[in-house]
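We did not get these values from a lab; they are worked out from the coordinates using the rules stated. Owing to the predicted nature of the structure, the values given are computational and were not obtained by experimental measurement. As a convention, Cβ positions derive from the backbone with ideal geometry for all residues, glycine included, and neighbour counts pool all protein chains shown.
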Amino acid sequence: MLPGPQGLGSLIRGNRGWGCGLADIGNDIERPLGQAVRPPRAGRRISAGAVATTLLVLAVIGVSGAIALRERPFRKPEEVAVSTPKTTVMVESAAPATEPVPQAQAAPKTNGPQIIHMPTEADGGPPSAAVVIHDPSTIGQNLRIAHIPDRALIETGETGPLPVRAADGRRPFDVYARPWSGARGARVAIVIGGLAVSQTGTQAAIAELPAEVTLGFAPQGNSIGRWMQAARQRGHEIVIQVPLEPFDYPNVNPGRNTLTVAATPDENLKNLRWALSRTTNYTGVMNYMGARFSADAAAMAPLMAELGRRGLAYLDDGSSARSLASDLALKDGVPFVAGDTSIDAVRDRGAILKKLDELEATARAKGFAVGIGSAFDLTVDTVSSWVIEAKKRGIEIVPISAVAVDPEKG
C-alpha cells in the first residue's frame with residue numbers, strides 16, 4: 001500500500017528526495033547480475049584524542065631518556081631513607097679553635113648496648129667532655145663465652161691479671177654480670193662463698209647449685225682459674241672474697257694477706273691486688289670477716305677507692321652493723337650490695353630452710369633480699385631444693401649485680 005501525499009512528503013525529506021530513490025532503483029535494474037555495489041571509501045580521519053595520546057607518549061619517552069643520560073640522577077643515593085637514622089654526638093669545647101680536639105674512643109661494635117667514652121680533661125680531652133651512655137641497662141655477657149676473660153678489662157699486675165675499666169668505659173661489674181629478667185617482682189640473691197678451698201666441695205657446688213646463685217671464691221684456694229671457668233660456663237656470676245681484719249686478730253685469722261687496720265694504705269692495696277689477681281671474670285669483691293677493718297674509715301677508704309677505679313662492686317656480708325662500706329661505696333661510685341642474713345650460721349637443714357623462707361618474706365616486702373652462705377654440702381643441697389620450690393611460688397633468683405645500688409646509674 002502506497003503512502004498518502006503527506007506521508008510521501010515526509011518520506012522524500014527523510015530519504016534525500018523520492019527522485020533520488022527512483023534513480024537508484026533504475027541503476028540497480030540496469031546493473032548486471034552478481035555485481036554488488038561497493039559503497040564509496042570514506043577518507044580516514046585521525047581523531048584529536050589519538051593525536052594527543054601519541055604526543056604524550058613521545059614526550060614521556062623523551063623525558064625518560066633525558067633523565068637516563070644525565071651524569072647525576074635527581075635523587076642522591078645518600079638521601080635515600082634507611083632504617084637506622086644517623087646520630088651525631090657533639091661536644092662543645094672551651095679549648096681554642098686552633099687546638100685539635102681528641103677523638104672519642106668508641107666501643108667495639110656489638111649487637112648490644114654501646115658506650116662511648118669522650119676523653120676527660122685529665123685524659124687530655126676538652127673540659128666539657130663527658131661519658132655518653134647509649135643504653136643505661138646492664139650490658140651483661142653472653143653466657144656461651146662467659147668463661148673467656150675480656151682482654152680490654154685486664155691489666156698486668158705484679159702477681160697476675162688485674163681487673164680494670166676498659167678504655168671505652170665498660171666495667172667488669174657490667175660485663176661479667178649474669179643477665180636476668182629485669183622484672184620488678186620479688187627477687188632473692190643467694191651467695192655461696194668459700195669455693196676453691198675444697199676441690200670436691202667446689203666441684204659439687206658448681207654442678208648442683210642453680211645457675212642463678214652467685215659463687216664466692218676464696219683467694220687462698222687452689223686452681224681458682226679452672227674453677228672460675230667451670231662456674232662461668234655453668235652460668236654463675238662470681239665474686240672474689242677479700243680477707244679483712246676481724247676483732248681479736250690474729251687469734252681469729254681470715255688467712256693469707258689479710259688487710260689490717262695497722263698496715264699502711266700501700267701495704268693493704270698490695271694485699272688487695274694479690275687477691276684480685278687470683279682469677280678473672282668476677283663482678284666484685286665480698287668481705288671475708290673484717291668487722292674491725294670495715295668500721296675504720298681510714299682503712300676502708302683506700303680499698304673502696306681502688307674498687308671504684310677498677311669498676312668493681314662491693315658485697316658486704318652484713319655480719320657487722322658498724323660497717324662503713326655503704327657510705328664509702330656511694331662516695332667512690334662503687335656498686336654496693338648488703339647481705340640481709342647468713343643462711344647457714346646453724347648447720348641444720350630445718351634452720352637453713354627457715355632462713356631461706358625469711359629471705360622470701362623480705363623480698364616480698366621490699367622487693368629483694370640477699371642471703372649469704374658457705375659451700376657446705378648441707379647448704380648446697382638445701383639451697384638447690386629450695387630454689388626450685390621458690391621459683392614455683394613466683395620468686396626470681398637473681399645474681400648480686402641485679403640488686404646492687406649503682407651510683408653511676410642513679
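Points worth noting:
- Subset of 270/409; 355/409; 355/392; 366/391 violating a 20 Å alpha-carbon distance limit: 270/409; 355/409
- The distance linking region 343-379 with region 266-310 is 26 Å (Cα centroid to Cα centroid, whole angstrom).
- Karplus-based coupling profile of region 384-391, in residue order and whole Hz: 4, 6, 5, 4, 4, 6, 5, 4, with θ = phi - 60° in 6.51 cos²θ - 1.76 cosθ + 1.60 and x standing for Gly or Pro.
- Other-chain or far-sequence residues with amide H under 5 Å of residue 242's (modelled H): 286, 287, 288
- Computed from phi, the 3J(HN,Hα) profile of region 260-277 under the Karplus parametrisation 6.51, -1.76, 1.60 (θ = phi - 60°) reads 10, 6, 6, 6, 6, x, 5, 5, 5, 5, 5, 5, 4, 5, 4, 5, 5, 7 Hz, with x in place of Gly and Pro.
- Legend: calculated FRET efficiency, residue 269 to residue 197, from the Cβ-Cβ distance at R0 = 35 Å, rounded to 0.05, equals 0.90.
- Dimensionless Rg ratio for region 149-268, taking C-alpha atoms and the 2.2 N^0.38 Å reference: 1.21
- Cβ-derived FRET efficiency at R0 41 Å, residue 298 paired with residue 389, nearest 0.05: 0.35
- Exposure proxy order (Cβ contacts within 10 Å, fewest to most) of 280, 379: 379, 280
- Normalising the average separation of contacting C-alpha pairs (under 8 angstrom, six or more residues apart) by the number of residues puts the relative contact order of region 274-343 at 33 percent.
- Sites residue 155 and residue 53, calculated FRET efficiency, Cβ-Cβ separation with R0 56 Å, nearest 0.05: 0.10
- Ordering of 301-312, 236-247 by packing is 236-247, 301-312, highest average first (other Cβ atoms within 10 Å, averaged per residue).
- In nm, spacing of pseudo-spin labels at residue 366 and residue 144 (7 Å Cα→C-beta vector): 4.0
- Region 299-396 - Kirkwood radius from inverse mean 1/r over Cα pairs (Å): 14.9
- When peptides 340-346, 314-320 are sorted by average Cβ neighbour count within 10 Å, with the highest value leading, the order is 314-320, 340-346.
- Shape call, region 326-370: gyration tensor on alpha carbons, a/c limit 1.5: oblate
- Using 0.36 nm per residue and subtracting the Cα-Cα separation, the extra length available between residue 211 and residue 252 on full extension is 11.5 nm.
- Whole-angstrom gap from region 211-247 to region 142-182, using each part's C-alpha centre: 15
- Karplus (6.51, -1.76, 1.60) ³J(HN,Hα), θ = phi - 60°, over region 347-357, in Hz, Gly and Pro reported as x: 7, 9, 4, x, 5, 5, 4, 5, 5, 5, 5
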